[in-house]
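The values are calculated or read from the model by the stated rules, or taken from the named source; none is laboratory data. All values reported here derive from a predicted model rather than from experimental measurement. Glycine gets a Cβ as well: all are built from the backbone with ideal geometry, and neighbour counts include every protein chain shown.
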C-alpha cells in the first residue's frame with residue numbers, strides 16, 4: 001500500500017512524527033491519529049512557540065553595550081537582510097564577469113590573436129559563502145579523522161596489545177581543547193606548507209587539521225569498543241572458516257561493528273562542528289566562526305541580531321549533520337539504527 005511505503009520512507013529519514021498525518025489522511029483510526037499528532041507535533045510546536053514568547057519577553061529586558069538583546073523578529077529581519085546581501089553580491093559578481101566577457105569579445109574581434117583572461121571576482125564573502133566554507137572544512141577534517149580513527153580502532157579492538165599501546169595516548173590527547181591544538185597546528189602547517197600557491201589555503205588546512213585532531217577520538221574509541229564487544233560466535237565462525245585477517249575484518253568484524261562505528265562517527269562529526277566554529281573564531285579563518293567574531297567586533301546596532309542568526313544556523317546545521325549520519329548508517333546497514341540513537 002502507498003501508506004505503508006510512505007511510512008517506511010518517513011521512518012527511514014527520521015521523520016516519524018509525520019506518520020500520524022499520513023495515517024490520518026488515509027482514514028486509519030482518526031481518533032488515535034489525532035492524539036498522536038498532538039503528542040508528536042502539537043506538543044513540540046507549542047513548546048517552541050513558548051520558547052519564542054519567552055525569548056521575546058526577556059530579550060527586551062536585557063541591556064548590553066550594543067543595546068537590548070534582539071528578539072525573534074529582529075533576528076528574522078537580519079536573516080532576510082543577509083539573504084538579500086548574498087543575492088546582491090551574486091548579482092555584482094555576475095555583472096563583473098559579463099563585463100569581462102564583453103571586453104574580451106571586443107578585444108578578440110579587433111585582434112583574433114589577442115590573449116584574453118578571466119579575472120576572479122574578489123568581493124566580500126557573504127553569509128551563505130561562510131556557511132559553505134565551514135561545511136567544506138568540517139567535512140574535510142571529519143573525513144581525515146575517520147580515515148585515521150576507524151582503521152586504528154579496528155586494530156585496537158582486535159588486539160589487546162595494540163590497545164594497551166595506544167590507550168595512554170588516547171587518554172592524554174582526548175580531553176585537549178581545540179584552543180590548545182590550534183596554535184601548534186598553525187605553527188606546524190606554516191613550517192611545512194610554505195607555498196602560497198598550493199591547492200589549499202593555509203587557513204583551510206589549519207582548521208581542518210584542528211577538527212581532525214579533536215574529533216577522531218570518539219570514532220576511535222567507539223570502533224574499538226564495537227570490535228572488542230564482538231560476539232564469540234562470530235569469532236568461532238571465522239576460525240572454523242579459516243578466514244584470513246582481511247576477510248575476517250571485511251566479512252565479520254566490520255559488519256558486526258557498524259552500529260558502534262557510526263555512533264562514534266556521529267559524535268565525531270558533532271564534535272568537529274563545534275571545534276570548527278571555535279577554531280575559526282580564534283584564528284580568524286573564513287567561515288561561520290569568523291562571521292560571529294567579525295559581527296562582535298563590528299559593534300553595530302544589528303550585530304547582536306546577526307550573531308543570533310548565526311547561533312541558530314550553527315545549531316540547525318549541527319542537527320542536520322547528525323540526521324545525515326543516521327540516514328547514511330541505515331543505507332549501509334539495511335535500516336539498523338546506530339547504538340544510542
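Of the residues making up the stretch 227-245, those that are assigned to a helix (DSSP H, G or I) and over 21 Å from residue 163 (Cα atoms) are 233, 236, 237, 238, 239, 240. Annotation note: of 248, 306, the sole residue that is under 30 Å from residue 205 (Cβ atoms) and assigned to a helix (DSSP H, G or I) is 306. Quick check: anything in the stretch 180-199 assigned to a helix (DSSP H, G or I) and closer than 30 Å to residue 253 by Cα? No; the residues of the stretch 180-199 include none that is assigned to a helix (DSSP H, G or I) and closer than 30 Å to residue 253 by Cα.
When we screen 108, 144 for residues that are surrounded by 11 or more Cβ atoms within 10 Å (Cβ to Cβ) and either in contact (Cβ under 8 Å) with a residue 40 or more places away in the chain or assigned by TED's automatic domain parsing to the domain that holds residue 299 (or both), the only hit is 144.
Keeping to the stretch 147-169, report how many residues are under 20 Å from residue 208 (Cα atoms) and touching a residue at least 40 places away in the same chain (Cβ under 8 Å). Residues meeting the conditions: 4. A single member of 286, 338 is out of contact with any strand residue (DSSP E or B) (no Cβ under 6 Å at 6 or more places or on another chain), surrounded by 15 or more Cβ atoms within 10 Å (Cβ to Cβ), outside any helix (DSSP H, G or I) and modelled with pLDDT of 85 or more, and it is 286.
So if I check each of 224, 191, 219, 180, which one is assigned by TED's automatic domain parsing to the domain that holds residue 274, crowded, with 22+ Cβ neighbours inside 10 Å and under 27 Å from residue 277 (Cα atoms)?
Matching residue, one of 224, 191, 219, 180: 219.
Pairs linking a residue in the stretch 296-323 that is in the same structural domain as residue 137 (by TED's automatic domain parsing) and closer than 21 Å to residue 276 by Cβ to a residue that is at pLDDT below 85 and in a helix (DSSP H, G or I), with Cβ atoms under 8 Å and 6 or more positions apart or on different chains, do not occur. Tallying residues that are under 30 Å from residue 290 (Cβ atoms) and part of a helix (DSSP H, G or I) within the stretch 161-179 yields 3. Against the test of being more than 29 Å from the chain's Cα centre (by Cα), farther than 18 Å from residue 280 by Cβ and surrounded by 13 or more Cβ atoms within 10 Å (Cβ to Cβ), the options 258, 243, 254 yield a single qualifying residue, 243.
The set of residues in the stretch 97-127 being closer than 24 Å to residue 284 by Cβ and out of contact with any helix residue (DSSP H, G or I) (no Cβ under 8 Å at 6 or more places or on another chain) consists of 120, 122. Say we look at the stretch 136-160 and pick out the residues that are out of contact with any helix residue (DSSP H, G or I) (no Cβ under 7 Å at 6 or more places or on another chain) and assigned to a helix (DSSP H, G or I); which of these is farthest from residue 271 (Cα to Cα)? This residue is 160.
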